[in-house]
Every structure is written in structure tokens, then in C-alpha cells.
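Taking it in order: structure first as C-alpha cells, then the write-up.
FYI, it's all coordinate maths here, none of it is from the lab. The structure presented is a predicted model; accordingly, all values stated were derived computationally and were not measured. Cβ: placed from backbone, ideal geometry, glycine included. Neighbour counts: every protein chain shown.
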Amino acid sequence: MSRWTDTEIPDQSGRIAVITGANTGLGYETARVLAEHGAVVVLACRNSDKANDAADQIRTLVPDATIDVVELDLGALESVRDADTVLRDRYDRIDLLINNAGVTGLTGTTADGFEIQWGINHLGHFALTGLLLDRIVAAPAGRIVTVSSIGHRFGRIDADDPAAPTGNAYAKSKLANLLFTYELDRRLTDTPAIAAAAHPGGASTEIFRYSPAGFRLPNLAVARLFGRTPAMGALPTLRAATDPDVKGGEYYGPSGLFEIQGYPVRVESSARSRDARRQRRLWEVSEELTGVSFG
């Protein structure tokens, strides 16, 4: 199936989907399409006002949509735990968790003192997934999809000390997304749930909106010239999330040259992302840093 589009998505009625960073860009498009196909969609976002605006936009487009909003700041582990409490109160299972939110080009630290891209893109999602895992495993066919990037190929993670600074912080966090996905899927072997990953290729989104101007403006210019729409960029995530033929540990991205454009297909990640030793060590360190154990 070389031209997979959202018309291939099976009925999602009754399925509960939690999407981080769903008020804009790829997350918004993912939420909109899942709502169109009948899923109960939870927008898990840092800014509740923007999330509620996005929810209203989806309801306008999909009048019978069931949309919920949960406040979630992935840069603060206390907020991650609070979001887990809210989700537990509202839902006895979660069929789909999409770890979509991400930042790039930022400097500084999270509320817990982690480098901000590493803390939000990886550690926040690691903690959220671990806290929600029993709800996901309680679903008949739970699925966790984490959004990585072509940039993971430039990432470096020290096999002995994964938290150590190693150059490009964004690329490191996107490599961590894949190392986490592959180790998570291995640990889910005896459950009905699977973990998969996706990347959007070259997509024109708002990921640069909080970056310093010197980083943001040239990257926005390139994205607008060569990037595809957020709707196209969301297709790999949607395929990883809904295609019945997806298997645990698979990675989806665009089919075109350098995986920048095209329709979603299964793609291969870097050899470094497949390093089982790095996967295990990253997992151990992530549990230590977040205080979240998957059991």
C-alpha cells in the first residue's frame, strides 16, 4: 500500500486516544482525523486555553466528536503525575497513547532541572507512559506511538551515561524516543499492547515557535519552502496508530527521498537506535531520573 491516507483508517468508535501536544500542528491534525473516525480524543496540552480552542475547532468540523482536554506540562513531572490522576479518574482504559509533543532549539532546563529538550521530548513522555501503562494494557489492543524525527540520525547517547550532554540536544531526544520505543515494545511482549514509532518527514509546523529568533526564523523559512502540510506530516503517526497490520517495534515515515516527503510506509531507523545495550541503559537511567518504574 504505497499511498496510504486517512481513508484507510478503520472505524475508531469506542477507542480512547490520548494525544500530547494536540492543540496545534501534527498533534491537532492527528486528533482531528481520529475524531472524524469516531475515537474519543483527549487533548493533553500545556496550555488549557489553547487546547480548549482546538477542541472547539474540531467540534465545529466534526459535530458529533467527543473531545476531552487534560492539562499536561511535560516539562514538570508534578504536572505529568497530576495528568495521570485526572486520566485515571475519567477512563478505566486507554486504547491509544500518542507521544507527540516536542520542542526544539530551546535552551534552559525543565522544572525538574533537566535539559529542556531531553526533559520534555523524552523524560516527560517516558514518565507519562509509565504512569498510564496499566490503563493501556487494560485495553483489548492498546497501542503506544511515539513521534521521533529524521534528526534522530544525528543524535548521540552515551551508552554508560545516557543523561550526559552529547552535542545536538534535540537529535539526542529524538534518538531517545526510538530507543525507548524498542525497549518498551520488548517489555510488552506478554501483554496485548504494542509500541511503535513514527516521524513526519519535512513538515511545516509550529515546533519552532518558542525557539530563539536566530534559530526560529531560518528554520521556519526552510520549513515553509520545503515542508509539507501538518495534515500530510501526521499521516505516519496515524498509520502507526491505526493500521491493523502494524507490529510492535515498527517505525513509520514518508516514502520519498530521504524520508522527507511521501506517503507513510515502514522505514528503518539508525543502527544506533537499535543498540540493545543503549536501550536498556537509557531505560534504567530514565526510571532513576523520573522516579517512574514500569514494573
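222 nm [θ] for the chain, helices only, -39500 (n - 2.57) per DSSP H run of 4+, per residue, to 500?
After summing the helix terms and dividing by residue count, I get -12000 deg cm²/dmol.
Check which residues have an amide H placed less than 5 Å from ALA234's amide H, if you skip close sequence neighbours.
Correct list: empty.
Could you pull the Rg and Dmax for the chain, using just the Cα atoms, both in Å?
17.3, 51
Once whole DSSP H runs in the chain are found, which of them have Cα atoms spread over 15 Å or more along the helix axis and a mean Kyte-Doolittle score of at least -1.0?
Once both thresholds are applied, what remains is 25-36, 48-61, 77-90, 125-137, 169-187, 213-226.
Take SER286, SER173 and order them by how many other Cβ atoms sit within 10 Å, fewest up front.
Least to most surrounded, the residues fall as SER286, SER173.
Cut-off is 10 Å between beta-carbons; in what order do HIS152, HIS37, HIS122, HIS199 appear when sorted fewest neighbours first?
HIS37, HIS152, HIS199, HIS122
Expressed as a rounded percentage, what relative contact order does the chain have, with Cα pairs under 8 Å and six or more residues apart?
Relative CO of the chain lands at 19 percent.
Specify the inter-centroid distance of the stretch 47-100 and the stretch 256-293, based on alpha-carbon positions, in whole Å.
So the two Cα centres are separated by 25 Å.
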